[in-house]
Amino acid sequence: MSSTGSGMTPTETPLGRQLMRRKSIAAMSRDAASNGMGQLKRSLGVVQLVMISVGATLGTGILVILGEAVPQAGPATWLAFVIAGVTALLCAVSYAEMAGMVPVSGSSYSYSYATLGEGIAWICGWCLVLEYAVSAAAVAVGAGAYVNQTLQIFGLSLPDALANGPAEGGIINLPALLVVVLATALLLRGAKESATANTIMVLIKIAILIFFVIVAFTAFDSGNFEPLMPMGIAGVSGAASMVFFSYIGFDAASTAGEEAKNPQRDLPRAIMIAMALVTALYVLVAVAAVGARNWEWFSDSEAALVQIVSEITGQRWLVLLFAVCAVIAIISVVLTVLYGQTRILFSMSRDGLMPSIFGRVSAKTSTPRAGTLVTGLVVAVTAALIPLGQLAEATSIGTLFAFALVSVSVMYLRKTQPEAPRSFRVPLYPVVPVLGIAACLYLMFNLAVITWIVFAIWMAVGIGIYFIYGRRNSRLGALDEQQYQEELAL
């Protein structure tokens, strides 16, 4: 997609026309096979893809968010996870269909570019930056809380200077920084190597969650579930919006479209298997936790599970083992979320909407090494120094918006390309994608007003970056009308 010859520069293309320009699926596949800055290597099978999605998802909500959700939903916290899980599942089936049709990196950004045009694709990509980069930093901060909680059980604690950022009276959140640095180092070794490390960590965190369930059920009291909804259905709905953060990352496998050995077959399978596994474990752990402790026992602690294990077993070595495994679980989340972020930036860079550094592929590792370093550095500094607060909660809005766009993309392609080959088809079409969109909107409007304000500020910044950089450097925007029509006809 050259801007030379008879082509226009992007700023000469009328803005409205440029925002509506779509990139054909064939053009995406061609660019993936002949990227001038290098190609990603197809090395991931279905098990590794499942583990990428599970790694990016499992652990975040249970290990970090549970203590905040229980005071809001009461004993019905498990129902909040079901509501959030059903919403994610409705979107997951749309992701599965799109991942099979558009087997490239970029996830919902690429799907939006193929259906809704560059303007919506940019907004979606910017939402994914919020989903992945900010949530990675937020989860890393949660690892710091687990480290400190474990040390307190042994009568120790990190100095405030090393446990908190400047805004919280410290100097640096050292555990959060180290988690991101370790995850970045693993990613730099290559996709297959980091996927293997992630698989090991995912198996560890599944094991510790099953261990927690066994321990918690030894102290199970069915009376803890009465009354089921002390805060009413509004409390459950609000908690569902909050714990939707727990499902952020199930789409991570879709960012591996160019590194999957058989993307049309394996990506849909990986997404659906990961969703089923994660939802089942979330609900099981939530039931076990509330059964073991009255809902009023829970506070805004970011390490509720390790406290429960400590109180029930009284065995310090078990608590230490659980806490160490919990930190490993969180490293797995940060690793896979960072992976997804680098692949989305890779796709956006290839389209000219992000700087070229994010699209350069290392000849040694066949990964976007420079982009990984930059992304890891930014996330590490954010986690170490900045209290995320409402910005972290705003990731739920960005994610829900991106998920809704995937359902819209499915409907668009069903109408415009009904005969196109699909390795997976959304069941009960069009009911499921419509319900997916409605569920996303429902959860979005249950979030706090301040969260919406932060999200609006984030989007304003993104729009500014598009006009300053993306619009001027867009490869699709640089084509004249004839070149664009030829590109679209591929």
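Structure notes:
- One residue from 486, 419, 393 being among the acidic types (Asp, Glu) and closer than 27 Å to residue 13 by Cβ: 486
- Residue ID - modelled with the highest pLDDT, chosen from residues in the stretch 292-343 that are surrounded by fewer than 22 Cβ atoms within 10 Å (Cβ to Cβ) and among the charged types (D, E, K, R): 293
- Sole exception among (1) modelled with pLDDT under 90; (2) farther than 22 Å from residue 134 by Cα; (3) of a type outside the set (Gly, Ala, Ser); (4) crowded, with 18+ Cβ neighbours inside 10 Å for residue 399, by number: (2)
This table checks each residue for (1) touching a Phe, Trp or Tyr at 6+ places or on another chain (Cβ under 7 Å); (2) under 22 Å from residue 115 (Cβ atoms); (3) not acidic (Asp, Glu).
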residue	(1), (2), (3)
393	no, no, no
406	yes, yes, yes
416	no, yes, yes
425	no, yes, yes
440	yes, yes, yes
457	no, no, yes
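- Sub-7 Å Cβ pairs linking a first residue in the stretch 408-430 that is farther than 16 Å from residue 108 by Cβ to a second residue that is among the β-branched types (Val, Ile, Thr), at least 6 apart or interchain, are 427/93, ordered by first then second residue.
- Test for residue 90: is it surrounded by fewer than 24 Cβ atoms within 10 Å (Cβ to Cβ) and more than 17 Å from the chain's Cα centre (by Cα): no
- One residue stands out in the stretch 235-291 among those that are over 25 Å from residue 306 (Cβ atoms) and among the β-branched types (Val, Ile, Thr): the one that is surrounded by the fewest Cβ atoms within 10 Å (Cβ to Cβ), namely 273.
- Among the numbered conditions (1) under 18 Å from residue 328 (Cα atoms); (2) under 19 Å from the mean Cα position of the chain (by Cα), the only one that residue 250 does not meet is (1).
- Which numbered condition residue 423 fails, given (1) of a type in the set (Ser, Thr, Tyr); (2) surrounded by fewer than 24 Cβ atoms within 10 Å (Cβ to Cβ); (3) under 20 Å from the mean Cα position of the chain (by Cα): (3)
The values are calculated or read from the model by the stated rules, or taken from the named source; none is laboratory data. Predicted model only: the values in this text are computed from it and were never measured. For neighbour counting, all protein chains shown are included, and Cβ atoms are generated from backbone atoms with ideal geometry for every residue, glycine included.
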